[in-house]
1. How many residues are under 14 Å from residue 28 (Cβ atoms), touching a helix residue (DSSP H, G or I) at 6+ places or on another chain (Cβ under 6 Å) and modelled with pLDDT of 90 or more when one looks only at region 46-72?
2. If I filter region 359-370 down to residues being in contact (Cβ under 8 Å) with a residue 24 or more places away in the chain and in contact with a helix residue (DSSP H, G or I) (Cβ under 8 Å, 6 or more places away or on another chain), which single residue comes out as nearest to residue 28 (Cα to Cα)?
3. Out of region 211-233, which residues are of a type outside the set (D, E, K, R) and closer than 20 Å to residue 305 by Cα?
4. Can you tell me how many residues in region 262-290 are closer than 26 Å to residue 357 by Cα and either of a type in the set (Ser, Thr, Tyr) or not assigned by TED's automatic domain parsing to the domain that holds residue 219 (or both)?
5. Select, from 250, 283, 263, 256, the only residue that is surrounded by fewer than 18 Cβ atoms within 10 Å (Cβ to Cβ), under 23 Å from residue 312 (Cα atoms), out of contact with any Pro (no Cβ under 7 Å at 6 or more places or on another chain) and small (Gly, Ala, Ser).
6. Could you please tell me which pairs satisfy a Cβ distance under 7 Å, a separation of 6+ or placement on different chains, a first residue in region 25-52 that is of a type in the set (Asp, Glu), and a second residue that is surrounded by 24 or more Cβ atoms within 10 Å (Cβ to Cβ) and not in a strand (DSSP E or B)?
7. Take the residues in region 290-309 that are among the small types (Gly, Ala, Ser) and under 26 Å from residue 344 (Cβ atoms), then tell me which one is surrounded by the most Cβ atoms within 10 Å (Cβ to Cβ).
8. Which condition from (1) without any contact (Cβ under 8 Å) to a residue 60 or more places away in the chain; (2) in a loop (DSSP other than H, G, I, E, B) is the one that residue 113 breaks?
Amino acid sequence: MSDGHTSAAPAIGIVEPTFRDGQHAPVNAALIEALIRSGKFGHLHFCATLLQQQSVLPALPDGCRGTLDAVPIQLPRPGSGRLRVACRQLRNLWAATRDTGYLLVLSSGPETFFVCRLLCLLRPRLRIAIVLHGNLESAVGWRSRDPRHRLFDYRAGLGMAVHRHIRLIVLEPAIRRAMERHDIPGWQRACVIPHPVAEAECSLQTGAQHTSPLTIGYIGHAKRAKGFAEFLSLAHAAKLHAWPYRFVLAGYLAEAFPPADLAVVECPGAALSRATFLQAVAALDYACLPFNPALYEFTASGSLLDAVCGLKPVIAIAFPALLDLVAEFGPLGFVCADLQAMRALLAEPARLMDAATYAGFQANLRRLRESRLPATLAQPLLEALQVGP
């Protein structure tokens, strides 16, 4: 692959300032790959913990590593005070921008916005883009009346990030609409970049197995807040009525559930490596997403994108980002109004087994997946970074 770089091309700093493990690694890898494929940067300084780097780098195609310099950093200890966190983030972000004019910040806490505003003061030519990963829900609702907390919470930080050289990035149009609806500071300058998929992971995924009984899987962290209790209730209903399904957890138990509830679902004995997780997703026929729509007002669903990456049709309760995708690409599976409608769908196995319907779902998923590959996202990412022609 020709990288398109010249010696005159600028460098960019890329920092993961809050996650120390492999969380969000596929998204981070896709964003990094998009920057490399843009051909606008002569060098990329990727600053993250060793664990994050070990998760991101394998998800990059071999031809996309020549201009990438992985620099390990230390993150504050869990439970550190705001001042200590801010000082550590300032040190990490300052080092990443020492020889660059651009900075991509891959996640954020309240302190991140104050640090970025300070960087704009110290380096007036610097252009910064900050990816928002689910923390936006902290910017609405109750706020402490204690000024020591209120002046430095997430909403106050977003207000501090309102600056001509700072752009916020959200990963779905529905999230930007939610920011506008709640009048969250900075929504006017927020840039939308479609939630990306890592190209290297797409090549590992297979098409439909479409077995009998059909395999229905819950993808990701099994938590009550993410609908795993509802998934268990569907599995119990299927067993009670002898519906021809096999229920599987393609992820791991992030919370404790009663053994009797788990008896109807095949669960792994430990957390899965990313490679093993992708194999588990590839073995599904359908991905079940029984989410509470209110919890996905400000959050892009990584589980949905894992299903898209694996071309797995969904059985889902409707939430805004999913409805946007259906409106653009056509049906991606069965979208239900609520859990009762989802249970009624499972009572009709013939609908889920119809080969023509399933093939149509996969054709739409394939078009959606192609639209989320890193090569297609370079231009909106450059616009967020305010990179000139």
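The values are calculated or read from the model by the stated rules, or taken from the named source; none is laboratory data. Source: prediction; values computed, not measured. Neighbour counts are summed over all protein chains in view; Cβ atoms, including those assigned to glycine, are modelled from backbone coordinates with ideal geometry.
1. Total meeting the criteria: 4.
2. 369
3. 215, 216, 217, 218, 219, 220, 221, 222, 225, 227, 228, 231
4. Of the residues in that region, 1 qualify.
5. Just one listed residue meets the conditions, 283.
6. Every condition considered, the pairs that remain are 33/374.
7. So the residue we want is 307.
8. It fails just one condition, (2).
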